[in-house]
Amino acid sequence: MRGLFRVFHWGPLTAICIIKWISLVTLYCNLRWYPPSNSLGGLAYTVAFLVLSGMTLYHFLFAMYDGPGYLPLAWKPDKATDEVLYQLQYCHSCQGYKAPRAHHCRKCNRCVMKMDHHCPWINNCVGHFNHGHFTAFLASAVTGCLLSCVSLTCSLYYGLNRNWYEFYGTGKEPKIVFTVWSLIATLLGLGLSIGVVIAVGLLLFFQLRAIMRNQTGIEDWILEKAVYRHRHQEHKFVYPYNLGRWRNLRQVLTWSCLPKGDGIEWDVVEGADQYTLTREQLLQKADKRDRSREYEIIREYSGACFPITQGFSVCIRPPCTDEPRIPLNKGDIVIVTRWKKYWLYGDKVVHTKQARVRGWFPRHCAVEAYSQHNEEETDNFTESYDSGASVSRADISATKNTSVKNNTHHRSSVARNQRAKETNESTKNLESKKKK
Ligand SMILES: [Zn+2]
Ligand SMILES: [Zn+2]
């Protein structure tokens with residue numbers, strides 16, 4: 001039942017209105033331009049259009065209702081040995097492990113099997129179980145709208161040139177009379193149809209390409225980073241799910257529109273295993289943690305999307321994404337992981353029991369905590385070590401931890417410091433082994 005309530009949202013309601021509008025206007029014009037009662041061609045044309053219009057609505061509703069398939073909350077694999085769990089990502093929101101190819105959707109607030117993207121038009125995620133219906137919806141919408149474009153354009157042509165055809169025509173041309181309202185409705189219908197053909201057509205192209213590669217939009221990013229990470233290594237990263245074009249297609253596009261597989265275990269290519277991609281994701285996350293920097297907020301920010309009070313440049317160059325903006329107060333600490341010229345993206349440091357607060361904020365509201373405390377830290381460092389030797393970032397963080405009283409704000413420094421210690425220890429171990 002929950003799936004049905006998803007229709008009460010601007011996305012599905014707008015989509016249904018567009019489908020209905022185009023269908024009714026096209027039917028109205030078809031009856032005048034190519035009447036089904038006059039010829040077999042006319043009948044075939046109208047029936048074909050009605051079938052496509054019906055299929056569009058049917059696949060749309062099923063893609064919305066079926067949903068992508070969510071992992072159960074607190075999910076664990078059946079054979080949850082330490083070795084397996086060690087290779088999986090953990091979702092703090094769902095309090096469970098993420099199966100291979102599953103990702104957490106912020107809008108659905110659940111981990112989604114083989115998540116592709118969250119689609120506002122179906123107010124649901126596109127993933128493992130509704131990928132077939134979603135692709136069929138796109139295909140029938142584009143084909144239906146192509147027929148609609150032909151029918152509406154011809155009707156407008158004959159309707160607007162009616163006087164000319166009355167005098168110079170053969171008398172066999174369709175006689176179409178537009179009132180002001182039917183003309184506006186037809187023009188709007190034509191505009192919508194052209195829009196659908198272009199926008200949905202592009203989406204269909206990308207979806208078919210993704211299905212043929214067996215690679216979702218999210219996996220495109222992961223693979224791009226994996227290839228870059230392995231660029232200097234002898235063994236290049238092998239994407240585990242690309243089984244060849246036809247096998248990939250057959251996994252998603254079936255007559256019942258239901259996919260093969262349970263959305264947890266996947267067929268993989270030779271040389272890969274169930275956890276090849278999850279291990280790579282964990283390593284990419286570790287890299288990201290290493291790149292992260294700590295920023296202190298020096299100027300309040302309301303969380304507005306276009307914060308006019310933060311200056312013109314900030315306001316006209318917002319990050320082009322639907323990711324959240326986070327309100328911040330002076331003194332807050334944010335662990336930044338992405339940088340744009342006027343905006344930063346990061347995790348606000350909160351008390352352990354609070355939910356994660358993550359998003360964008362204007363760059364000039366913050367200073368990098370490292371550079372702000374640089375002088376003080378270097379002083380502390382030289383005092384305690386009494387030498388001018390080079391200062392590593394981990395050392396500075398360690399010094400900072402002792403000099404800053406409120407250490408809840410310095411979670412990342414502690415973590416970084418911990419990592420530095422671990423790295424040092426492992427390097428020492430390796431070195432001692434070498435000596436032996
Ligand atoms: Zn989750
Ligand atoms: Zn979602």
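The values are calculated or read from the model by the stated rules, or taken from the named source; none is laboratory data. Everything numeric in this text was worked out from a predicted model, so none of it was measured. With ideal geometry, Cβ positions are generated from the backbone for all residues, glycine too; neighbour counts draw on all protein chains shown.
Observations, loosely collected:
- Only one of the numbered conditions (1) out of contact with any Phe, Trp or Tyr (no Cβ under 8 Å at 6 or more places or on another chain); (2) aliphatic (A, V, I, L, M); (3) more than 16 Å from Ile211 (Cβ to Cβ) is not met by Ala99, and that is (1).
- The residues of segment 239-249 that are part of a helix (DSSP H, G or I) and either touching a residue at least 40 places away in the same chain (Cβ under 8 Å) or among the aliphatic types (A, V, I, L, M) (or both) amount to a single one, Leu249.
- Residue match in segment 84-104 (condition: among the basic types (Lys, Arg) and within 16 Å of ligand 2 (Cβ to nearest atom)): yes
- Filtered by the rule that a residue be modelled with pLDDT under 90 and loosely packed, with under 13 Cβ neighbours inside 10 Å, segment 9-38 gives Ser37, Asn38.
- Selection status of Cys154, within 13 Å of ligand 2 (Cβ to nearest atom) and under 30 Å from Leu203 (Cα atoms): no
- Within segment 259-315, tally of residues that are more than 22 Å from Arg245 (Cα to Cα) and over 23 Å from the mean Cα position of the chain (by Cα): 20
- Residue in segment 216-238 that is over 19 Å from the mean Cα position of the chain (by Cα), touching a residue at least 12 places away in the same chain (Cβ under 8 Å) and in a helix (DSSP H, G or I) present: yes
- Any pair with Cβ under 6 angstrom, 6 or more apart, that starts in segment 28-57 at a residue that is touching a residue at least 40 places away in the same chain (Cβ under 8 Å) and polar (S, T, N, Q) and ends at one that is part of a helix (DSSP H, G or I) and surrounded by 17 or more Cβ atoms within 10 Å (Cβ to Cβ): Asn30/Thr46; Asn30/Ser151; Ser53/Ser23; Ser53/Gly144; Thr56/Ile19; Thr56/Ser140; Thr56/Ala141; Thr56/Gly144
- Within segment 78-96, the residues that satisfy the criterion of being more than 8 Å from ligand 1 (Cβ to nearest atom) and hydroxyl-bearing (Ser, Thr, Tyr) are Thr81, Tyr86, Tyr90.
- Tally of residues being within 20 Å of Arg291 (Cα to Cα), charged (D, E, K, R) and outside any loop (DSSP other than H, G, I, E, B) across segment 322-341: 1
- Strands (runs of 3 or more DSSP E) completely within segment 66-180 that count 1 or more residues being under 23 Å from the mean Cα position of the chain (by Cα), touching a residue at least 60 places away in the same chain (Cβ under 8 Å) and within 27 Å of Thr321 (Cα to Cα): 103-105, 117-119, 124-126
- Residues being under 28 Å from His131 (Cβ atoms) and in the same structural domain as Ser140 (by TED's automatic domain parsing) are entirely absent from segment 172-179.
- Filter result for His104 (within 16 Å of ligand 1 (Cβ to nearest atom) and either buried (at least 17 other Cβ atoms within 10 Å of the Cβ) or under 27 Å from Ala44 (Cβ atoms) (or both)): yes
- Which listed residue, of Trp360, Trp343, is over 18 Å from Arg106 (Cβ atoms), at pLDDT 90 or above and among the aromatic types (Phe, Trp, Tyr): Trp343
- Residue within segment 117-132 that is on the phi < 0 side of the Ramachandran plot, surrounded by 21 or more Cβ atoms within 10 Å (Cβ to Cβ), among the hydrophobic types (A, V, I, L, M, F, W, C) and away from ligand 2 (no atom under 16 Å from the Cβ) present: no
- Failed condition for Asn124, given (1) within 16 Å of ligand 1 (Cβ to nearest atom); (2) polar (S, T, N, Q); (3) over 30 Å from Ala355 (Cα atoms): (3)
- Per this entry, Gly171 is counted among residues that are at positive phi and not aliphatic (A, V, I, L, M).
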